[in-house]
Amino acid sequence: MKLFITGIGTEVGKTICSAILTQYFKADYWKPVQSGDLDYTDSHKVADWTDNTRCHPETYRLQLPASPHQSAREENIHIRVEDFKLPETDRPLIVEGAGGLMVPLSDEEFMIDLVEKLDIPVALVVRNYLGCINHTLLSLMALQQKNIKVEYLILNGTFPPDTERVISGFIKKETKIIRIPEMNRPAKDSIKAIAEQLTKTNL
C-alpha cells in the first residue's frame, strides 16, 4: 500500500493526517520536498508522533519557508519531477506533499505532476473554512482530469452538515471518507488513539 497525502491548500493538517495513517498502516513515511523548518521538519514530527516509523530522506531540503519553486530558486536549484523516485521498502508507504496540488515545483511543473509521476493513489485532506467547498471540488476535478485515483477523502475537524453533504456528493463511490477529530496539540498518544479508532472502521 502506497498513498500520497495532499490537501486543498496549506495548513489543512496534512502532516497530522499523515502521522495518523502512518501509525494506522504501520507504514514508512516520505516527504519528497521539505521547504523551510529544517530544524524540525515534517519527518521529525511524524517520527515523534508515531511508533518506530522509518522516515526516508527528502529528495529536496530547502532553506526558505516558501513555495518549493521559490525556495529552490533562492538556492539556484531547479526541481524536476523526473528526479523523484519512490523509496524502496517492503512496508506500506505514506508520501506527504507540500501544500496543495497546484503548488509549483518549478515554473513548468506542479505538485500534481509529481503525484502523476509517482503513480500512487491520493488521500485528499480537507479542512473547514470559508471557501473550502470550492477548493475541494477544484482539487477533485484536477485529480479526475489526470485520472489519479482518490482513495480517501479526509475530513479533518468539524464540518457543517451542508458543507459535508456537497463535498461528499462530489466524490466517486469507491472513495472512502475518513473523519479526523479536531486536534489542536498533536502528540503520540492522541495520534495513536485516533489510529486505533480508525482500525474499528476497517479502512
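Among the numbered conditions (1) under 25 Å from Val150 (Cα atoms); (2) touching a residue at least 40 places away in the same chain (Cβ under 8 Å); (3) surrounded by fewer than 24 Cβ atoms within 10 Å (Cβ to Cβ), the only one that Asp51 does not meet is (1).
Applying the criterion of being without any contact (Cβ under 8 Å) to a residue 24 or more places away in the chain and not in a loop (DSSP other than H, G, I, E, B) to the residues of the range 31-48, the residue that is farthest from His78 (Cα to Cα) is Ala47. If the condition is being open to solvent by 30 Å² or more (accessible area, probe 1.4 Å) and either among the basic types (Lys, Arg) or assigned to a helix (DSSP H, G or I) (or both), then the range 162-171 contributes Asp162, Glu164, Arg165, Val166, Ser168.
Pairing residues of the range 153-179 that are within 20 Å of Gly13 (Cα to Cα) with residues that are crowded, with 17+ Cβ neighbours inside 10 Å and aromatic (Phe, Trp, Tyr), at Cβ distances under 7 Å and at least 6 apart in sequence or on separate chains, gives Thr175/Tyr152; Lys176/Tyr152; Ile178/Tyr152.
Against the list (1) free of Cβ contacts under 8 Å to residues at least 24 places away in the same chain; (2) surrounded by fewer than 13 Cβ atoms within 10 Å (Cβ to Cβ); (3) assigned to a helix (DSSP H, G or I), the condition Arg73 fails is (2).
Evaluated against (1) open to solvent by less than 50 Å² (accessible area, probe 1.4 Å); (2) under 21 Å from Leu101 (Cα atoms); (3) modelled with pLDDT of 95 or more, Phe159 falls short on exactly one condition, (2). Scanning the range 126-145 for residues that are open to solvent by less than 70 Å² (accessible area, probe 1.4 Å) and either in a loop (DSSP other than H, G, I, E, B) or touching a Cys at 6+ places or on another chain (Cβ under 8 Å) (or both) returns Val126, Asn128, Gly131. If you go through the range 16-30 one residue at a time, how many are touching a strand residue (DSSP E or B) at 6+ places or on another chain (Cβ under 9 Å) and either without any contact (Cβ under 8 Å) to a residue 60 or more places away in the chain or open to solvent by 10 Å² or more (accessible area, probe 1.4 Å) (or both)? Total meeting the criteria: 2.
Is at least one residue of the range 136-146 within 22 Å of Lys26 (Cβ to Cβ) and touching an Asp or Glu at 6+ places or on another chain (Cβ under 8 Å)? No: the range 136-146 contains no residue that is within 22 Å of Lys26 (Cβ to Cβ) and touching an Asp or Glu at 6+ places or on another chain (Cβ under 8 Å).
The values are calculated or read from the model by the stated rules, or taken from the named source; none is laboratory data. All of these numbers come straight from a predicted model, not from anything done at the bench. Cβ: placed from backbone, ideal geometry, glycine included. Neighbour counts: every protein chain shown. Areas reflect the complete protein model, heavy atoms only, side chains present, ligands, DNA and RNA absent. Shrake-Rupley method; radii C 1.70, N 1.55, O 1.52, S 1.80 Å.
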